[in-house]
Amino acid sequence: MDLKLEVIILPVSDVDRAKSFYEAAGFRMDIDVTANEDYRVVQFTPPGSECAIILGKGVTSAAPGSTQGLYLIVYDIEVARAELVGRGIDVSELFHDAEGIFAHSHDGGKIVYPAGNKGQVVGPHPTRADYGTYASFSDPDGNGWVLQEVKQRAPGR
């Protein structure tokens, strides 16, 4: 049985502002449909992704900016970061976790570390290990995105 994640709903406060942001980031706009003054759906797909995002009016009761830890997997994080920055997106510097790979969580658009963890280190992972180098950004409402570099996936992907 295949279970394919194809859509994630992002809560936003201003649909047109969010639409402009995702267009600037280079996401492909799939649809922009207004059913009435209380319901509008805008769907975007990140370049190379099979999973789209939906934002709009009346599509979710979640608080704007409450979606965190959306990972965009890239082959070359330096190139991806540079392209987003060139498109006007405020992306963090590259970083890795001092405690190893995936030693963080997400809260309010920020990457956070558990108590006792040494936290974040500026720059790519020292051995450039797959899944080990990150950069982050947020949309205008604070929905949090993470770029993660993966050159070779685990078998079965």
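The table for this structure:
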quantity: Mean Cβ neighbour count within 10 Å, used as a protection proxy, ranking 85-92, 32-39, 15-22 highest first; calculated: 15-22, 85-92, 32-39
quantity: Taking the chain and dividing mean pair separation by its residue count, relative contact order in percent (alpha carbons under 8 Å, at least six apart); calculated: 24 percent
quantity: Debye log10 I(q)/I(0) at q = 0.11, 0.14, 0.16, 0.18 Å⁻¹ for the chain, Cα point scatterers; calculated: -0.47, -0.74, -0.95, -1.15
quantity: Principal axes of segment 14-74: Cα extent on each, largest first, Å; calculated: 37, 22, 19
quantity: For Leu72, residues with placed amide H under 5 Å, excluding near neighbours; calculated: Val146, Leu147, Gln148
quantity: Accessible area per residue, Å², the chain with all protein chains present, probe 1.4 Å; calculated: 56 Å²
quantity: Accessible-area composition of the chain, carbon plus sulfur, in percent [1.4 Å probe]; calculated: 50 percent
quantity: Shape of segment 58-151, Cα gyration tensor, a/c cut at 1.5; calculated: oblate
quantity: Eligible aspartates and glutamates near Lys151 by straight Cα distance, threshold 20 Å, same-chain separation 8 or greater; calculated: Glu50, Asp76, Glu78, Glu83, Glu93, Asp97, Asp130
quantity: Separation between Cα centres of segment 54-68 and segment 123-157, rounded to whole Å; calculated: 23 Å
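The values are calculated or read from the model by the stated rules, or taken from the named source; none is laboratory data. The structure displayed is predicted, hence computed values, not measured ones. Here Cβ is always computed from backbone atoms with ideal geometry, including for glycine, and neighbour counts include all displayed protein chains. Side chains included, ligands, DNA and RNA excluded: accessible areas come from the protein's heavy atoms. Shrake-Rupley method; radii C 1.70, N 1.55, O 1.52, S 1.80 Å.
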